[in-house]
Structures are given as C-alpha cells and as structure tokens.
Amino acid sequence: MSERRPSRRPPPPPQAADAPRPPARPSKPPPPRPSKAPPPPAVARPSKAPPPPGARPSKAPPPPGVRPSKAPPPPPAARPSKLPPPPPPPPVEPRRVHLALESFAADVDPYGEPEFPDDASSSSAVLMNVALVRVADAARATLADAGTLLLRKGDTVLVEADRGVTMAVVAFPSRRQLVESRMVPRIVRRSDEGDLKAEARARLKEAEAVRTTSGLLRSLNLPAKVLRVEISRTGQRVVVHLSSEDRIELRELGRQLNQALRSRVEIRHVGARDAAKAIGGVGPCGLQLCCNTFLADFAPVSIRHAKEQGLALKPERVSGVCGRLMCCLVYEDAFYRSQRSLFPKPGKRVLTPKGEGRVRDVDVLARTVRVALTDAGVETFPVDALLPAAPPAAGTPTAPP
C-alpha cells in the first residue's frame, strides 16, 4: 500500500484568543426541487371519416425509415357448403284418441270406437275434468263430468242419467278439456261393493220383469214385443220398452204391471229402428249394426238415395234387419251427388269413338257410361272419351231412346 503524503499547504497562523473571528459565510439555501407536473394531455388524433360511396380508400405511404411490416394475409373465408337444404318436415296431423270400449259383458267393442269430441269453441265452453263412460245397455260411450276424480279405464262409477243414478264403466281415463257444461252429465262418485251388489240385484229384477211383461202381453192378446226393462238401483222406477208395428192400447197393460211389479211403471213404445238398436244384430254386409255400435242419431233415408247410387230397387237389397231403408245409404250420398255432375244424364246424345249415341246409364265408381249407338248396339265407354253431340239436323236418324 502507498503511504499518504502530507499536504504542502502551510498550516494557518495561530490566532490570539482576543482576536476577532472572521464573519461566517452565509449559507446558500438548497435549490428547490422541481415539482412533478402532470403530463400535458394527449392531442386527439383526427378521426378518419369514411370514404364516400364508390371511392376507393387511399393507402397512406409509410414514414421514412420505417419498413412496412409484412403481415400474413388473413385466412380465406369459409365457403358455404353447397349441400341441398333439408326437406321440410311432414305436416303433423292432429292426434285423434281412439277408444277400446269396455262393457259389462265384453272387453272390447267389436265395431266403431267413439272418440273424445272436439274442444268446444263457443263462448259458453268451460274447462272441465271429463271422462268417457258407458252404461251397460248404451250403444256408445258418452262424456261425463268427473269433477275432482282421477279415473282410469275400467273403473266403475255412478252417473246421473235421465233415469236417475246408474252405474257405468269408464271407457277412457279422465282429462281436462273445453266442453259445453250443459250437455255433460255428472259423475257422482266411484262405486263400492254395496253398489255392485245393488246393481246385480237390479239386473235380476229386470230379467224377472221381462218374463212378467211377456206373459201379460200374451194374456191380453197385444201384438207387441218386449225389448228391455230398466229398473233403478232403488227399485222405485221401472221403464218397459215395447215394439209393435201398430199403435196399441197400453192402459190395461200398465195397470196390471203396476200391480205385478209393485212399482210405478212407465211404458215406452219404440219404432222398428230403435228396436234394432236395442237388440243388435248383424246387417247384410256381415258387420254389426251401425245403430248398435257408433251411430248416435238416425238420419232420414229415402228411395232417392238408392236411385242416386244405381242400386236395384228391391226391398231385400235396400232394407236392413229392421225392415226400413238401410242407414248406410246416406253415407255416400254426398259423394255420388258431386260425381254425378261430371257424367252426362241418361237420355242425352253424346259423341263416342264409334259414333253418335244416346246415354243409357252411368257407373260412378267405375267411371263408365253405357251408350246406345245409332248404327250398332249398346257399348260401354269411359266418361273421358265422350263429347256432347250437336243437335241433329232435320230428317237425320238418331239412336233409339
């Protein structure tokens, strides 16, 4: 290490004790610290106005000394796939609820299954809890107000009917629906063991009343037939249904029935159609009678319906088991009347591929026409091959009518 050398300045002379001291130098105040002022506000850049329509945007040149950055080009936009559009969904048809009706004797109704009626659209319709029920001797199920009951198919209930409270079987479970309240009977309650026993006793009394009424008809020589007897669960009301071709005197029969059955007896005379509806049977078509399965009301039928359909006007061909005109003649009447307008009327003159002739008759289902030709016999032609003929000139022979 190097030694520290002494300084060459001479030492200050010694001062006397009484010698005055030199004045002290004034101290310099420290320079003020610069305050940190906030930076000046940034100058807003002028906004770039959008170019006018049709003008191309100008590309500003880069500043000097700055190389333009070569950014990678944006990825190409995905092209829409040229797949064919999916086919539209098929129209959804409203679901119709079909019923398999239960009765006291059979498990399934063999023909015709009634449905829930469509929701009512009038202002008087109300939302109700309803169920389809079927009385033992009824031809079809009816709608009934279930109230607060939740019913299942096959339940036995008590329903308020025209003849009083009667037992019925639920044909379709209860559900909420808009209906006309004034047209719906009320379900009183579910049936219990006592109700089932009372119903069985009423059925035995009805069979005994049928035998009693048949014996009185024979003793009074009345040309009538007993269809059925209805007895209420309490046994206080009895309704006897009779069928006869002619009107008969029933006052004496009613008096004797009141004494024999010891109840108030009401006798109802029904026609031939109502008798077939009550008894049932098989029609000429081989199926169960319409009136005994799905037909609710009888429509008026005339012989005109048979003529429109070209049926043979024989009683055995157009009559049902009741002896009246078959109800099914009305089913296709609207179709035949609409198709008849497309055919020439019998007796009209037409032009055929084989010459002129006169219409004998038409077959709507086969769409053919039988024509009596002028120079030949009777031929059958499709209706599309015929043309209306011009009126014949004087002295021209025509086809026989």
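The values are calculated or read from the model by the stated rules, or taken from the named source; none is laboratory data. Predicted, not measured: the structure shown is a model, and the values here were computed from it. Counting neighbours? That spans all protein chains shown, and the Cβs are built from the backbone with ideal geometry, glycine included.
Just a few scattered comments:
- Condition check for C328 on (1) under 32 Å from the mean Cα position of the chain (by Cα); (2) over 30 Å from A136 (Cα atoms): one failure, at (2).
For every residue, the table says whether it meets (1) among the acidic types (D, E); (2) within 21 Å of S232 (Cα to Cα); (3) free of Cβ contacts under 8 Å to residues at least 60 places away in the same chain.
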position	(1), (2), (3)
V159	no, yes, yes
A171	no, no, no
E180	yes, no, no
V184	no, yes, yes
R189	no, yes, yes
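- Within the range 187-216, the residues that satisfy the criterion of being within 20 Å of L149 (Cβ to Cβ) and loosely packed, with under 13 Cβ neighbours inside 10 Å are R189, D192, E193, G194, L196.
- Scan of the range 228-246 for residues that are within 24 Å of L196 (Cα to Cα) and part of a loop (DSSP other than H, G, I, E, B), ordered by number: S232, R233, T234, G235, Q236
- Residue match in the range 266-277 (condition: among the charged types (D, E, K, R) and loosely packed, with under 13 Cβ neighbours inside 10 Å): no
- Residues of the range 331-361 classified as closer than 30 Å to L295 by Cβ and not in a loop (DSSP other than H, G, I, E, B), total: 8
- Qualifying residue in the range 279-300 (condition: in a helix (DSSP H, G or I), outside the structural domain of V362 (by TED's automatic domain parsing) and modelled with pLDDT of 85 or more): no
- Criterion: loosely packed, with under 12 Cβ neighbours inside 10 Å, outside the structural domain of L227 (by TED's automatic domain parsing) and either polar (S, T, N, Q) or more than 30 Å from A136 (Cα to Cα) (or both) - qualifying residue of D375, D363: D375
- Restricting R211, R152 to residues that are without any contact (Cβ under 8 Å) to a residue 60 or more places away in the chain and either in the same structural domain as S263 (by TED's automatic domain parsing) or part of a strand (DSSP E or B) (or both) narrows the list to R211.
- Against the list (1) touching a Lys or Arg at 6+ places or on another chain (Cβ under 9 Å); (2) assigned to a helix (DSSP H, G or I); (3) buried (at least 17 other Cβ atoms within 10 Å of the Cβ), the condition V170 fails is (2).
- Residue within the range 214-227 that is in contact with a strand residue (DSSP E or B) (Cβ under 9 Å, 6 or more places away or on another chain), part of a loop (DSSP other than H, G, I, E, B), outside the structural domain of S263 (by TED's automatic domain parsing) and within 30 Å of A272 (Cα to Cα) present: no
- Given (1) under 25 Å from G320 (Cα atoms); (2) not in a helix (DSSP H, G or I), number of the condition D274 does not satisfy: (2)
- Flag if S219 is surrounded by fewer than 13 Cβ atoms within 10 Å (Cβ to Cβ) and not basic (K, R): yes
Rundown of residues vs (1) crowded, with 16+ Cβ neighbours inside 10 Å; (2) over 28 Å from the mean Cα position of the chain (by Cα); (3) more than 29 Å from S244 (Cβ to Cβ), yes/no style:
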position: G281; (1), (2), (3): no, yes, no
position: C290; (1), (2), (3): yes, no, no
position: L295; (1), (2), (3): yes, no, no
position: A299; (1), (2), (3): no, no, no
position: A312; (1), (2), (3): no, yes, yes
position: V318; (1), (2), (3): yes, yes, no
position: R324; (1), (2), (3): no, yes, no
position: D333; (1), (2), (3): yes, no, yes
position: P346; (1), (2), (3): no, yes, yes
